[in-house]
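Structure first, commentary second.
The values are calculated or read from the model by the stated rules, or taken from the named source; none is laboratory data. The model shown is predicted, which means the values in this text are computed figures rather than measured ones. When we count neighbours, we look across all protein chains shown, and the Cβ atoms used for this are built from the backbone with ideal geometry, even at glycine.
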Amino acid sequence: MTDCYIAFDVETPNNGNRRMSAIGIAVVERGGIVEHHYTLVNPESRFDPFHVRLTGITAEMVQNKPTFPELWPDLARLLDRGLLIAHNAPFDLSVLAKCLWDYGIHWRGTVSYACTCQMSRRLLPHLPNHKLDTLCDYLGFDLEHHNAGSDSQACGEILLHCLEKGADIREFLRRYDLLHCRTISSRIIE
């Protein structure tokens, strides 16, 4: 089992959810967040008004930003460092998988992950819901919701909270099929 967790979050430009307009990554090690990365991404795709309102990211903001293939070597080095963690992880993993597919980039066939939404449901069952903003309000974490940098940081903080409260990460491990965009095992033990 790894002692390094890679909490990540993506924002998308439209409801196709095949491209990302931003990605945030928080590296969690030794009981804290030790690195944080955030970048806008040129999705080479249209922006829907709903997503612009939700994320605040416009086509003009990303027109001179790197594309996913340009960022991929650095992203791969970060993502390869530990167990992937996301809040509502299947969504973020599906966007990652579709970006890899659309650009013809082969990384892995499958990847292990854990979801902080699932962890918080088990550890904080009394909350009205387990949305990222609800959890951050309850736990007292700062959040600029739908900003991939802030969301990834919050995901890392929620993970740390769950681990401090005794969560065994092995109980939440899942495997995601990047080629078919789906979780292929509901629970794995490593």
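The residues on offer are Asp151, Asp137, Asp133, and the sole one that is touching an Asp or Glu at 6+ places or on another chain (Cβ under 7 Å) and either of a type in the set (A, V, I, L, M, F, W, C) or part of a helix (DSSP H, G or I) (or both) is Asp151. Looking across segment 154-187, the residues that are of a type outside the set (A, V, I, L, M), more than 20 Å from Val41 (Cβ to Cβ) and in a loop (DSSP other than H, G, I, E, B) come down to Lys165, Gly166, Asp168, His180, Ser186, Arg187.
Residues checked against (1) free of Cβ contacts under 8 Å to residues at least 12 places away in the same chain; (2) of a type in the set (D, E, K, R); (3) farther than 19 Å from Ser120 by Cα:
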position: Ala148; (1), (2), (3): no, no, yes
position: Ser152; (1), (2), (3): no, no, no
position: Gly156; (1), (2), (3): no, no, no
position: Cys162; (1), (2), (3): no, no, no
position: Phe172; (1), (2), (3): no, no, no
position: Tyr176; (1), (2), (3): no, no, yes
position: Leu179; (1), (2), (3): no, no, yes
position: Ser185; (1), (2), (3): yes, no, yes
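Identification of helices (runs of 4 or more DSSP H) wholly contained in segment 1-81 with 2 or more residues that are touching a residue at least 24 places away in the same chain (Cβ under 8 Å), under 16 Å from the mean Cα position of the chain (by Cα) and crowded, with 17+ Cβ neighbours inside 10 Å yields 68-79.
A quick yes/no check of all residues on (1) out of contact with any Ser or Thr (no Cβ under 8 Å at 6 or more places or on another chain); (2) over 29 Å from Asn14 (Cα atoms); (3) among the acidic types (Asp, Glu):
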| site | (1), (2), (3) |
| --- | --- |
| Pro125 | yes, yes, no |
| Leu135 | no, no, no |
| Tyr138 | yes, yes, no |
| Phe141 | yes, no, no |
| Gly156 | yes, no, no |
| Ile169 | yes, yes, no |
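Answer yes or no as to whether Ala114 is in contact (Cβ under 8 Å) with a residue 24 or more places away in the chain and not in a helix (DSSP H, G or I). Spelling it out, Ala114 is indeed in contact (Cβ under 8 Å) with a residue 24 or more places away in the chain and not in a helix (DSSP H, G or I).
When Cys155 is tested against (1) crowded, with 18+ Cβ neighbours inside 10 Å; (2) hydrophobic (A, V, I, L, M, F, W, C); (3) in contact with a Lys or Arg (Cβ under 8 Å, 6 or more places away or on another chain), exactly one condition is not met: (3). The criterion of being under 17 Å from the mean Cα position of the chain (by Cα), surrounded by fewer than 22 Cβ atoms within 10 Å (Cβ to Cβ) and either closer than 15 Å to Ile33 by Cα or modelled with pLDDT under 95 (or both) does not hold for Gly166.
For Ile85, the criteria (1) part of a helix (DSSP H, G or I); (2) of a type outside the set (Asp, Glu); (3) in contact with a helix residue (DSSP H, G or I) (Cβ under 6 Å, 6 or more places away or on another chain) hold in every case but one, which is (1).
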